[in-house]
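The values are calculated or read from the model by the stated rules, or taken from the named source; none is laboratory data. All values reported here derive from a predicted model rather than from experimental measurement. When we count neighbours, we look across all protein chains shown, and the Cβ atoms used for this are built from the backbone with ideal geometry, even at glycine. With ligands, DNA and RNA removed, areas are computed over all heavy atoms of the protein, side chains included. Shrake-Rupley method; radii C 1.70, N 1.55, O 1.52, S 1.80 Å.
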Amino acid sequence: MSPSAALRTFNFLYFALMAMFLPFLPVYLDEQGVSTSQVGIIVCTGGIVTLISQPLWGMISDRTKTIRKIMLLLITCTSVTGYLLYDTASYGLLILFAMLVYFFLMPMDPLIESLNFRVAESTGASYGSFRTYGALGYAVMSLAAGYILSLLGAGSMAYVFAGLGVVSFLICLRVPDAPVTGKPVTLDSLKGFLKNKKTLLFLLLVFISSVPARLNDTFLGVYIRELGGSAELVGQAWFLAAGSEIAVFALSFWWLRKGKELIIVTIAGAFYFVRFFLTAWIADPQWLAILQILQIATFPVFYSAAIQYIYSIVPEEWRATGQTVLALLFFGISGIVASYAGGALYEAFGGRVLYLSVSAMSLAGAVIGFVLSRVYGSKHRSGAKAS
């Protein structure tokens, strides 16, 4: 297997593990009798752990000048803790093992995204040609996990998760390494990075837009179950969502144009509003599952454009910092706010009020994106042409 093929395969396997964890952890917790507010607390605490672990492992990667060896360590620890998570019903142990999976699994996301970009640049391939396989892995496992949970029982998730982890470790041995040349993430580096007003405003936009996305990731499965849907239907919903990303990532070389990132992010934010507003009013779980195909115009579009924009507005020596901060906002800090507030809001007022609230937040993000595109878009396009 060639190094590029190994990286594509590892993308598939890593995001398959993510599919078993992010959307199905709340469903698994629900199966164990955990309340929605407690689910929110667990996922919120996981967001706090991610906030610590991502820059920590990023700095370790910078210091040791290796990505592959760090990922080998992380995937090993993820496999063990993931098995233990899906093999227990004790509330205390569920919290402990969930936190450990967050600590080891989530930091691999910015590492593998950085590796995707670096290998793409060195081989002349597109970023999407690697990330497409991640979307495919997420889609396939989202569908499979629903059936596994329903037909084989919650305990079977432990063996599948650990098995995927072992295969991921073996494939990672063949993944090409890339030394990290960016500065390590420190308080001083973050302070300097955030002095840029344009960068700060963009990160604010990312935060406002990512909270609704993370909240949907956490509670969509619970909401489908509340409306009478099965675990298989939850899997089908995430299969449609993740499957729709495949074409978007594969064609990113065509639609992701330099200098157009802000308007692309704004369009994605508008589709987030439509998606969550419709979610609030759909009472049929089957139609709610079908609605997830709108993922095609939301997450893959938003996140790809956000990564490219971050890379274009910060100096080269700050790119590693920018990537980590973006990941922290999109998956860490926003997850904390979404899970803690979302769990309490869901339990107090129900799913409809929850989704109406996040649709309003998505609309606010789209408006902010439009304003930023008007203020900075033309300047950014001029700079891109000049470079």
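Hey, could you check the range 223-239 for residues that are in contact with a Pro (Cβ under 9 Å, 6 or more places away or on another chain) and surrounded by fewer than 22 Cβ atoms within 10 Å (Cβ to Cβ) and say which is modelled with the lowest pLDDT? Write out each step before concluding.
Residues of the range 223-239 in contact with a Pro (Cβ under 9 Å, 6 or more places away or on another chain): 223-230, 233-235, 237-238.
Now narrow it down to the ones that are surrounded by fewer than 22 Cβ atoms within 10 Å (Cβ to Cβ): 225-230, 233.
Working: Arg225: 88, Glu226: 88, Leu227: 91, Gly228: 92, Gly229: 90, Ser230: 85, Leu233: 89.
Among those that are in contact with a Pro (Cβ under 9 Å, 6 or more places away or on another chain) and surrounded by fewer than 22 Cβ atoms within 10 Å (Cβ to Cβ), it is Ser230.
Could you identify the single residue in Phe330, Phe302, Phe276 that is touching a Ser or Thr at 6+ places or on another chain (Cβ under 6 Å), open to solvent by less than 20 Å² (accessible area, probe 1.4 Å) and either part of a loop (DSSP other than H, G, I, E, B) or under 30 Å from Gly58 (Cα atoms) (or both)? If you could, list the steps in order and put the result at the bottom.
Numbers: Phe302 fails: touching a Ser or Thr at 6+ places or on another chain (Cβ under 6 Å); Phe276 fails: either part of a loop (DSSP other than H, G, I, E, B) or under 30 Å from Gly58 (Cα atoms) (or both).
Of Phe330, Phe302, Phe276, the one residue that is touching a Ser or Thr at 6+ places or on another chain (Cβ under 6 Å), open to solvent by less than 20 Å² (accessible area, probe 1.4 Å) and either part of a loop (DSSP other than H, G, I, E, B) or under 30 Å from Gly58 (Cα atoms) (or both) is Phe330.
Looking at Asp87, is it farther than 23 Å from Asp30 by Cβ, in contact (Cβ under 8 Å) with a residue 40 or more places away in the chain and of a type in the set (Asp, Glu)?
The answer is no for Asp87.
On the basis of being assigned to a helix (DSSP H, G or I), surrounded by fewer than 24 Cβ atoms within 10 Å (Cβ to Cβ) and modelled with pLDDT under 80, does Arg352 make the cut?
no
Given the criteria among the aliphatic types (A, V, I, L, M), in contact (Cβ under 8 Å) with a residue 24 or more places away in the chain and part of a helix (DSSP H, G or I), does Ala283 qualify?
Here the answer is no, as Ala283 does not meet what is asked.
Do you know which of the residues in the range 88-108 that are buried (at least 20 other Cβ atoms within 10 Å of the Cβ) and not hydrophobic (A, V, I, L, M, F, W, C) is modelled with the highest pLDDT?
That would be Tyr102.
Tell me whether the range 202-222 contains one or more residues that are open to solvent by 10 Å² or more (accessible area, probe 1.4 Å) and of a type in the set (Gly, Ala, Ser).
No, that holds for no residue.
Here is a list of conditions, (1) outside any helix (DSSP H, G or I); (2) at pLDDT 85 or above; (3) over 28 Å from Ile75 (Cβ atoms); (4) of a type outside the set (S, T, N, Q), and Val211 meets all of them except one; can you say which number that is?
(1)
Checking the condition over 20 Å from Thr218 (Cβ atoms) and either among the hydroxyl-bearing types (Ser, Thr, Tyr) or touching a His at 6+ places or on another chain (Cβ under 8 Å) (or both), which residue from Ser362, Ser357, Ser304, Ser334 passes?
Only one candidate qualifies: Ser304.
Quick check on the range 114-166: of everything there that is surrounded by fewer than 16 Cβ atoms within 10 Å (Cβ to Cβ) and not small (Gly, Ala, Ser), which residue is farthest from Leu22 (Cα to Cα)?
Per the criteria, the residue is Thr123.
Being hydrophobic (A, V, I, L, M, F, W, C), open to solvent by less than 50 Å² (accessible area, probe 1.4 Å) and part of a helix (DSSP H, G or I) is the filter; apply it to the range 30-57 and report the residue that is nearest to Ala344 (Cα to Cα).
Taking the candidates together, the pick is Val39.
Quick check: is even one residue across the range 66-80 open to solvent by 10 Å² or more (accessible area, probe 1.4 Å), touching a Gly at 6+ places or on another chain (Cβ under 6 Å), within 20 Å of Tyr340 (Cβ to Cβ) and in a helix (DSSP H, G or I)?
no
In contact with a helix residue (DSSP H, G or I) (Cβ under 8 Å, 6 or more places away or on another chain) and farther than 18 Å from Ala366 by Cβ, is that true of Gly259? Spell out the reasoning first.
Values: in contact with a helix residue (DSSP H, G or I) (Cβ under 8 Å, 6 or more places away or on another chain): yes; farther than 18 Å from Ala366 by Cβ: yes.
Judged against the criteria, Gly259 is a match.
Across the range 128-137, what is the number of residues that are closer than 8 Å to Phe249 by Cα and of a type in the set (Ser, Thr, Tyr)?
Number satisfying all stated conditions: 2.
Residue pairs, Cβ under 7 Å, 6 or more apart or interchain, first in the range 48-74 and under 13 Å from Met106 (Cα atoms), second modelled with pLDDT under 85 and not in a helix (DSSP H, G or I). List them.
The qualifying pairs are Pro55/Val185; Gly58/Val185.
Are any residues in the range 97-113 under 19 Å from Leu84 (Cβ atoms), aliphatic (A, V, I, L, M) and assigned to a helix (DSSP H, G or I), and if so, which ones?
Ala98, Met99, Leu100, Val101, Leu105, Met108 - these are the residues of the range 97-113 that are under 19 Å from Leu84 (Cβ atoms), aliphatic (A, V, I, L, M) and assigned to a helix (DSSP H, G or I).
Name the one entry in Tyr14, Tyr83 that is under 20 Å from the mean Cα position of the chain (by Cα), within 24 Å of Gly134 (Cα to Cα) and either assigned to a helix (DSSP H, G or I) or of a type in the set (Ser, Thr, Tyr) (or both).
Residue meeting the stated conditions: Tyr14.
Return the residue satisfying two criteria in turn: it lies in the range 30-45 and is hydrophobic (A, V, I, L, M, F, W, C) and closer than 27 Å to Met71 by Cβ, and of such residues it is modelled with the highest pLDDT.
Ile42
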